[in-house]
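The values are calculated or read from the model by the stated rules, or taken from the named source; none is laboratory data. As the structure is a computational prediction, the values presented were derived from the model and not from experiment. Every residue, glycine as well, gets a Cβ built from its backbone with ideal geometry; the counts of neighbours run over all protein chains shown.
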């Protein structure tokens, strides 16, 4: 690091890490509620979907345990030892892999839904899958290379691995959101009910895609310009805690059904009487 750890501000290290942990815990609680609602309402879903969501929840739970262990080590176990803030814990390194696997799994699930929604168009789906795999490879490579290192300062020599993971993940999210918006736009039928549903799904897709991309980019930037603190770590904690990653695929699946129900609304959206 550029200066001795003894003089580092606790606000930007341990404080930032604690805030990231609290925010991640809030999202984890929301995910638990959503998982309960999903299995209660959609128990008829295909087995592969239910198993996939269960595995995502397990990864999310493991992620929460690992980041809690990291902050507990810095705040309690190593209390009064500022030098410990410059040394990564084992849970920090394992968390990088868990986050990579979780993010890649979500993107691949999205890609499969996109593949079906686009009528099996690999030209649209393949770039997203490539981005998902590249993000996972970057995370694994970073962890393997970081394992023998004993300080965050030494991470500067392997930062390119994390850059690849974050950048490819952000690109995949943008491509995914853009593809879904374009495909949803083409689903417009001219009927008020169907078009209203399409607009809602488009807004949701843009917002969720923007949120994940911005978080990844901010993590990328803060790690680049502020490697001496835990601000990037706080953002990295929140990165896999997306806004209900389980449900966009489910909503997209149902949009295909609703799009076929537009005939029940006989009045086109452009008809003033439909308002």
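Taken over the stretch 217-246, the criterion of being more than 22 Å from residue 33 (Cβ to Cβ) and modelled with pLDDT under 85 is satisfied by 227, 228. Here residue 127 does not fit the description of being under 19 Å from residue 227 (Cβ atoms), modelled with pLDDT of 90 or more and surrounded by fewer than 18 Cβ atoms within 10 Å (Cβ to Cβ).
Could you tell me whether the stretch 16-33 includes any residue that is over 28 Å from residue 209 (Cβ atoms), out of contact with any strand residue (DSSP E or B) (no Cβ under 7 Å at 6 or more places or on another chain) and surrounded by 14 or more Cβ atoms within 10 Å (Cβ to Cβ)? Scanning the stretch 16-33, I find at least one residue that is over 28 Å from residue 209 (Cβ atoms), out of contact with any strand residue (DSSP E or B) (no Cβ under 7 Å at 6 or more places or on another chain) and surrounded by 14 or more Cβ atoms within 10 Å (Cβ to Cβ), so the answer is yes. Taking the numbered list (1) within 30 Å of residue 128 (Cβ to Cβ); (2) part of a helix (DSSP H, G or I) in turn, residue 12 passes all entries but (1). Any idea which residue in the stretch 148-192 is modelled with the highest pLDDT, counting only those that are farther than 26 Å from residue 213 by Cα and touching a helix residue (DSSP H, G or I) at 6+ places or on another chain (Cβ under 6 Å)? That would be 151. So, residue 196, is that one modelled with pLDDT under 70, in a helix (DSSP H, G or I), more than 14 Å from the chain's Cα centre (by Cα) and more than 18 Å from residue 24 (Cα to Cα) or not? When the stated conditions are applied, residue 196 does not pass them. When the stretch 147-174 is filtered for residues that are surrounded by 15 or more Cβ atoms within 10 Å (Cβ to Cβ) and not in a helix (DSSP H, G or I), the ones remaining, listed by number, are 149, 158.
No other residue among 76, 94 is within 15 Å of residue 139 (Cα to Cα) and surrounded by fewer than 20 Cβ atoms within 10 Å (Cβ to Cβ) apart from 94. Here residue 187 passes the criteria (1) closer than 19 Å to residue 237 by Cα; (2) in contact (Cβ under 8 Å) with a residue 40 or more places away in the chain except the one numbered (1).
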